[in-house]
Structures are given as structure tokens and as C-alpha cells.
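Reviewing the structure listed below.
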Ligand code: CUA
């Protein structure tokens with residue numbers, strides 16, 4: 001019994017540790033931060049369970065390797081209760097931790113409403129065979145082809161849509177992914193934390209030039225963004 005109690009206690013300790021642990025690495029966006037933190041938490045739980053199961057397996061194989069005949073297991077109610085509770089705790093932890101991330105507006109944005117009080121940047125990402133037209137609907141709807149520029153530390157909304165077939169809007173490093181559907185618009189939200197250029201891809205097979213449907217997301221400082229915005233507006237008004 002001491003062994004099962006010890007196993008249960010170490011499992012509980014691991015779950016508690018996973019709840020308070022936070023990875024130190026800087027994250028590119030609010031979305032990738034949430035996803036990577038969840039991944040880390042689940043790993044903290046999964047590794048000890050893997051080690052425990054493998055240890056029991058190897059121990060059993062070695063201990064009973066010379067047994068002639070398999071003996072029936074004796075009923076052990078306390079052991080059964082222990083593993084039922086332990087499993088329930090693990091599943092509850094995975095469920096609660098995952099739901100917390102899934103329900104966050106930076107991972108699953110509900111509907112197409114945009115809260116304009118947060119001073120957000122709105123970008124319409126329109127896919128076509130085979131490329132992207134990025135628009136800034138709140139800034140006169142100028143287009144920048146397959147390049148998006150956004151400021152860091154400000155909410156950004158991407159309204160993803162398609163002119164023809166189903167495409168996919170995917171920026172792995174920023175944790176963003178949304179199918180681009182014809183005759184529909186789906187909004188996703190994030191806050192970029194790190195300046196830099198991030199590669200975007202089309203992730204639905206959409207025809208011969210699918211593999212060339214790249215785009216970029218450039219995250220810049222607020223001042224640089226304002227300068228770039230003024231330049232774009234001037235260019236579009238002089239045309
Ligand atoms: Cu567009 Cu694949």
C-alpha cells in the first residue's frame with residue numbers, strides 16, 4: 001500500500017507543480033504564449049506518467065520472466081480506487097487546462113464582432129488562387145498584397161475570407177490558424193509581443209500553385225507602424 005500511496009502522492013505533486021510552472025522563454029504573441037504554456041503543462045504531467053508506467057512494465061517483465069503459468073490477480077479494492085481517482089485527477093487537469101486556453105479570445109474568437117474600444121488594428125486577409133490581398137478596412141481599405149504590418153502590444157484582428165475556393169491562413173510562430181472560406185468571414189484575434197517578420201502559409205490544398213501562397217506578417221513598434229500607415233494612406237490617395 002505504501003507504494004500506491006507514494007505513486008498517488010507523486011502524481012498529485014506533479015499536477016500541482018504543472019499548475020504553477022510557467023515557461024521562461026519569450027513568446028511571439030498572446031496566442032502562441034497560451035498554446036505553448038498549455039503544451040508545457042501537459043508535458044509536465046505526461047513525462048512522470050510515462051516513466052511510472054514504463055518502470056512498472058519493466059519491473060514486471062523482469063520479476064516474472066521465469067514464471068511457468070500466469071496467476072489470477074487477487075482483488076485489491078484500495079488499489080482499484082487509487083488508480084480510478086488518479087486517472088480522474090489527470091483527466092480533470094487536462095480538461096480544465098485545455099478549456100482555459102480554448103475559451104480564450106486569443107485562441108477562439110467568437111463571432112465577427114470587434115471591440116473598437118481597445119484601439120485594435122483590423123486586417124482583412126482575402127485569399128485567392130493563388131495569393132493574398134491584405135486590406136486595412138479601418139484605414140481607408142488600402143491593400144498591401146501578401147504583406148501584413150502590425151504594431152506590437154496592440155490587439156490585432158484578422159478577418160479571414162476567400163474569393164474562390166477554401167484556403168488556410170496560417171502563421172505558425174504567432175500561433176494563428178484559420179480556414180479561409182468563400183462567401184464567409186471568420187475573425188481571429190491576437191496581440192503580437194515580439195518584433196520581427198513571421199512567415200505565413202496557405203494550409204488548405206487549393207490547386208497547382210498552393211505551395212506558393214506565402215505571406216508575411218511584420219511586427220513593428222507603434223511609431224514604425226504609424227509611419228508605415230501614413231505612407232500607405234498617402235500612396236493610395238495619390239493613385
Ligand atoms: Cu491557397 Cu492552398
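Nothing in this text is a laboratory measurement; each read-out follows from the coordinates by a stated rule. This structure is a prediction, so every number in the text was calculated from the model and none was measured. Cβ coordinates were reconstructed from backbone atoms using ideal geometry, including for glycine residues, and neighbour counts include every protein chain displayed.
One table, with the values for the structure above:
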item: Fewest-first ranking of 162, 237, using other Cβ atoms within 10 Å as the exposure measure; result: 237, 162
item: Separation between Cα centres of region 85-123 and region 181-223, rounded to whole Å; result: 21 Å
item: Length added when fully stretched, residue 221-residue 71, from 0.36 nm per residue minus Cα-Cα; result: 47.0 nm
item: For region 99-166: rounded, prolate or oblate by the Cα gyration tensor [a/c cutoff 1.5]; result: oblate
item: Candidates 214, 205, 157: whichever shows maximal mean-square fluctuation once the chain is modelled as a Gaussian network with Cα springs under 10 Å; result: 205
item: Antiparallel bridges, percent of DSSP beta bridges restricted to the chain (to nearest 5); result: 65 percent
item: Region 121-238: C-alpha gyration tensor shape, a/c 1.5 cut-off, then a/b vs b/c; result: prolate
item: Antiparallel %, DSSP beta bridges [both residues in region 121-238], to 5; result: 65 percent
item: Packing rank of 187-193, 126-132, where each peptide gets the mean count of other beta carbons within 10 Å, highest leading; result: 187-193, 126-132
item: Point-to-point label distance, residue 53-residue 205, nm (Cα→Cβ direction, 7 Å offset); result: 3.2 nm
item: Calculated [θ] (222 nm, deg cm²/dmol) that DSSP helices of n ≥ 4 give over the chain, each run adding -39,500 (n - 2.57); result: -14000 deg cm²/dmol
item: Exposure proxy ranking, count of Cβ atoms within 10 Å, fewest first, for 167, 210; result: 210, 167
item: Residue order, fewest to most surrounding Cβ atoms within 10 angstrom, among 51, 217; result: 51, 217
